[in-house]
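No lab work stands behind these numbers, since they all come straight from the coordinates. Quick caveat, the model's predicted, so the values are computed rather than measured. Positions of Cβ are generated from backbone atoms using ideal geometry, with glycine treated the same way; all protein chains shown enter the neighbour counts.
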Amino acid sequence: MDIPAFVPVTIYAIFVLAFIALYAWLHLDDSAGRKPFALLAVLVAFQLTTDLVSRLYVYSGVPIWLVVLCTYINFLVLPFIGVSWYRFVRKVLAREEGSSLRKLDYVVYAIAAVGVVVLFANPFAHCVFAFDATGTYSRSYLYFVPALSAGLCMVVSQVLLVHRSRALGQRALLVMHLFPVAPIIGAVAATLVYGLPWLPLGISLSMLMLFASTFASGMNTDFLTSVLNRRRIEELLEERIEDARGGKPFAGLMVDIDNFKRINDTMGHHVGDIALADAARLLKESLRGVDVVGRFGGDEFFALIDVASEEELETVISRIRDGEVRISGERKAVPLRLSKGYALFDPDRFANAKEFEVYLDGLMYADKETHRLNEVKGQS
């Protein structure tokens, strides 16, 4: 029995996607959209699997009920792939849940629902596909609707990417904009050349490119701000503490953005994303090559500063304060003010990294309270 050329290619793609899903789940940070990306890889692998089985109707001995079932699932998974891509984009760009994106959520879900409803109508209307008495498959007049619903969900995702483009790095933005290209080519090819799984293979190729160019090279990086993520900064903190116990001093700095929730609520999450990117850039510009900065979560950042005295540490902090004034002057509508907690690490005082983090966190919130009281006095 001759095996069609697409069979080994499809099987290979399934194994690659399974590896990507497992690797993403085990190693990527939540800020990189770990869960929705892993789910997306699983759904595409599942879609490829059902597509492969549904094409076995050409071989005798394969139960027709299995072929029909897999054909249904194959079409049904497509809208969910579109929704998963949207959820991934939303997770990466808009982690804060808010009403500003809920309307867009409803649009995406409605588009996906159209594809699902058409599939549920197919047993009665045979509007998507049909099998005759001999088990021969044929397309029907609405066969394109499930794939179209997935494509439109991706289009909405690209609109969201454009809207939030100022908050993403150019490299990440380019890769994510290119994601729909291969699936679109695959969808067109599937319409013109029947018999090959062009669309799912196109999605698989896009996922592999996205994984290789963005995640595999940046699994320690926060996707939005391009600084280290929390997992990596905590690993480095443990290493610095061990070095400090051996006589190599360092300082820790914890920072968050004042009134960040107010910025999101009154000006929109895209402005909040810009504030996060500004804060990250300010910290990187204020620190030196030997220092590192990471996003600790939400609007909090953590920096490890290679200094040996309070005087050196204050010099670094003064550069950050100067940067705050500069950025606030550039963007008066969104003044960037940071609350800071910083100190040299004392091996005799702090037993572990957690104690040091809690101490810096307390200093940071004391600084935030000082800012709040000064603001109240200024308004009275």
Exposure-ranked with fewest Cβ neighbours within 10 Å first, VAL145, VAL7 stand as VAL7, VAL145
Everything considered on the Cα gyration tensor (a ≥ b ≥ c; rounded for a/c under 1.5, else prolate if a/b is larger than b/c, else oblate), region 230-379 must be described as prolate
How would you rank LYS354, LYS368, going from fewest to most other Cβ atoms within 10 Å of each one's own Cβ? LYS354, LYS368
Would you list, by chain and number, the lysines whose Cα falls below 20 Å from the Cα of LYS248, excluding same-chain residues fewer than 8 positions away? LYS354
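Assuming R0 = 22 Å, what is the FRET efficiency of LEU174 and ARG231, from their Cβ-Cβ distance, to the nearest 0.05?
0.30
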Under a straight-distance cross-link criterion of Cα-Cα below 17 Å, which lysines are reachable from LYS284, leaving out those fewer than 8 residues away in the same chain? LYS340
Lysines whose Cα lies under 28 Å from that of LYS103, excluding same-chain neighbours fewer than 8 positions away: LYS35, LYS91, LYS261
